[in-house]
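One structure is given here, and the rest of the page talks about it.
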Amino acid sequence: TAERLGTTRSAWTGELAQNMLEAVPAGTVVLDLTGTIMLVNRVWTRFWADGPAGKSFSPGGNYFDLCRRAAAHGNESAAAVLAGLHGVVTGDHRVFSMNYKSGKFRFRLRAIRLADGAGLYLTHEDVAELDTADVAPGQDPLTGLPNRDEIEYLLARELAVRSRDHEVSVLLVDIDGFREFNDALGPTSGDELLQLVAARIKASTRPTDTLGRLTGDEFVVIARGCQPIAARAMAAGFSSVLDPSFELGDRHLTITASVGVATSNHSTVDPMQLVHDATTAMHAAKSLGRSSHQVFSPELRDSNRKRLELVERLRGVAMAEHELEMVYQPIVELSSRTVVGAEALIRWNHPELGLLMPDSFIGLAEDADLIIPLSNWILTQVGRTLAAWQYKDLHVQVGVNVSPLHFAAGTLATDVNSIVDSLGIEPGRLVLELAESKSLHDVDAVYYQLMDVRRHGSLVAIDDFGSGFSSLERLATLPVDILKIDKSLTQHLDSKDLQRRRAMTALCKAVVEVTHDLGKDTVAEGIETIDQLESCVDMGVTFGQGHLLGLPMTAAQFETILLQNGAHSASA
């Protein structure tokens, strides 16, 4: 319709133009290149008739100014609309489309430049009536951004005209932990979050840049004339761009992203190889932690190949051929120095690479959708060990780290309860440890699963407390039995910096007192020195864990310690 109506500017004068607009069932507007509203149809007029700003949406008003005012009041979708329309005006793209929310209204905006380039033709359709088949070729239906095919086309065009002084950089932006958000909040809210993130990123890019959506939660920025140093600075800037929390209904979500950067050179001819290199750099950034960025180098390509080989072995034979094993680090009651429990930790005895720590492969398992089968394997192995110790009248607690993705999938409680019931694990023996900085994005999403596992006799611990600076309110609102104080706090209890030492001691003491007042137990992690141990005892910490108290060991070695200590009735 837009192509047919946008034949010549002269078509937009007189009665004929108005009749053509009235034939369009959607709210329709014609703008000049400055955003001034030239023509509207009745659907558009009725849409805004009852609003206080109705006159502003009539001929003579300025559409761009309306978007600017809405963006200034925090409407990120309006900022994205303004950026998209600017792209059509400048010729960056021929068609712009996105779902848009304004108050109680939800509609899809579509904009196309008139054939003679003198203005824009906009339609506003009820989003419920749209079909994704109606989306323009080359356009992502959710965000209105260029899709993978369009990204490839635009990159190929840029590579064809680049020069030594005018290279092109690609920044691949991947939202950290998006699957957790999507599974916890539901796909509709997940889609809305993607739209908000796209709008925020779009508003931060330069006028000469193009933002596209590659797939899922991956966005691509094509940065024209951008050398590696400038591209690295742009990647680092995304942390502050995403830093303000996103409002989704009554929720305030903290979003971070990992960014990979790749810049063309004289030999770059394949546009998707550039995207692939940026993707490789992004995965390297993820290994550094949330909100990180990395610039591609040939060495990263080799690293990525090894990463894929690890994933395939983990998927294929690692669990089946007993390359994985569980070790147990003792947890000690500080008042009596008695071993009362352990934290179960996974190790991978790789036939070529040797002993691998969990940091080397847990993230890979999460990225490759292997974390739930791996998590269930761990729970089963620990459950069998607990059952064997019960049979020998050795009663201890064993903690198992739980992936936030297992929680987000909604199957954790069912999986844990099934293993506990099938193996006959006694109540109070299995402890599920949740990393406070990773698992608790959405308290409501985990609350009922925690209640379910506790009804079946398992206990719940918040792990690494203090690493994410979370509120103690969670300890009071969630069904939690144990709080584990992170080693980042414990290690300062014997600091040579007396001011820091006093501050951390006061902080830990306050945490311990509040936790005990709530009827919960405390475990200090990372105890490595006598001074740290004595500080924990002085402030009343119940249990301790760390190299000073015991290194991780095999189940058989740990069982020997239990027999020596007489753990027949011990309980953490």
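A short reminder: the numbers here are calculations on the coordinates, not readings from a lab. Just so we're clear, the structure is a prediction, and the values are computed from it rather than from any experiment. When we count neighbours, we look across all protein chains shown, and the Cβ atoms used for this are built from the backbone with ideal geometry, even at glycine.
So how do 541-554, 306-319, 191-204 stack up, highest first, on mean other-Cβ count within 10 Å?
Details: 541-554: 18.9, 306-319: 15.8, 191-204: 21.0.
Going from most to least packed, we get 191-204, 541-554, 306-319.
What ranking, highest mean first, results for peptides 380-387, 58-65 when packing means the other Cβ atoms within 10 Å averaged over each residue?
Numbers: 380-387: 19.4, 58-65: 16.0.
Highest mean packing first, the order is 380-387, 58-65.
Per residue of segment 286-298, in order, report the coupling 6.51 cos²θ - 1.76 cosθ + 1.60 (Karplus, θ = phi - 60°) as ³J(HN,Hα) in whole Hz, putting x for Gly and Pro.
4, 5, 8, x, 4, 6, 10, 9, 8, 9, 5, 9, x
Which aspartates and glutamates have a Cα lying under 12 Å from the Cα of LYS392, excluding residues fewer than 8 positions away in the same chain?
Filter leaves GLU559.
Suppose every Lys and Arg Cβ carries +1 and every Asp and Glu Cβ carries -1, with no other charges. What dipole size does the chain come out with about its Cα centre, to the nearest 20 debye?
Around 1380 debye, computed over the chain.
Any idea what diffusion coefficient segment 319-565 gets from Stokes-Einstein, in µm²/s, Kirkwood Rh on alpha carbon pairs, 10 °C, 1.306 mPa s? All intermediate terms of the calculation are to be shown ahead of the outcome.
On the way: Rh = 18.6 Å.
Calculated translational D: 85 µm²/s.
Just name one of HIS492, TYR391, ASN376: the one whose Cα is farthest towards the positive end of the charge dipole of segment 319-565 (beta-carbon charges, Lys/Arg +1, Asp/Glu -1).
After comparing all options, I get HIS492.
Compute the distance from the alpha-carbon center of segment 182-250 to that of segment 255-282, in whole Å.
That distance is 16 Å.
At 37 °C and 0.692 mPa s, what whole-number value in µm²/s does Stokes-Einstein give for the translational diffusion of segment 157-200, with Rh from the Kirkwood sum over Cα pairs?
Answer, rounded: 252 µm²/s.
What Rg and what Dmax come out for segment 239-386 when only alpha-carbon atoms are used, in angstroms?
Final numbers for Rg and Dmax: 20.1, 69 Å.
Which three lengths, in whole Å and largest first, does segment 148-296 cover when its Cα atoms are put on their principal axes?
Taking max minus min along each principal axis of the Cα atoms, segment 148-296 gives 49, 29, 24 Å.
Evaluate 2.2 N^0.38 Å with N set to the residue count of the chain, then give the Cα radius of gyration divided by it.
1.18
Over all pairs of distinct alpha carbons, what does the Kirkwood formula give as the hydrodynamic radius of segment 271-315, in Å?
The Cα-based Kirkwood calculation yields 10.9 Å.
Quick one: work out the % antiparallel among DSSP beta bridges in the chain, nearest 5.
Within the chain, antiparallel bridges account for around 70 percent of the total.
LEU548: net charge of surrounding residues, Cβ under 13 Å, Lys/Arg +1, Asp/Glu -1, itself excluded?
Every neighbour counted, the sum reads -3.
So for each of 28-41, 252-265 I average, over its residues, the number of other beta carbons within 10 Å; can you give me the resulting order with the highest mean first? Working shown, then result.
Working: 28-41: 19.3, 252-265: 21.1.
Going by the mean number of other Cβ atoms within 10 Å, highest first, we get 252-265, 28-41.
List GLU559, GLU321 from most exposed to least, where exposure is judged by having the fewest other Cβ atoms within 10 Å.
GLU321, GLU559
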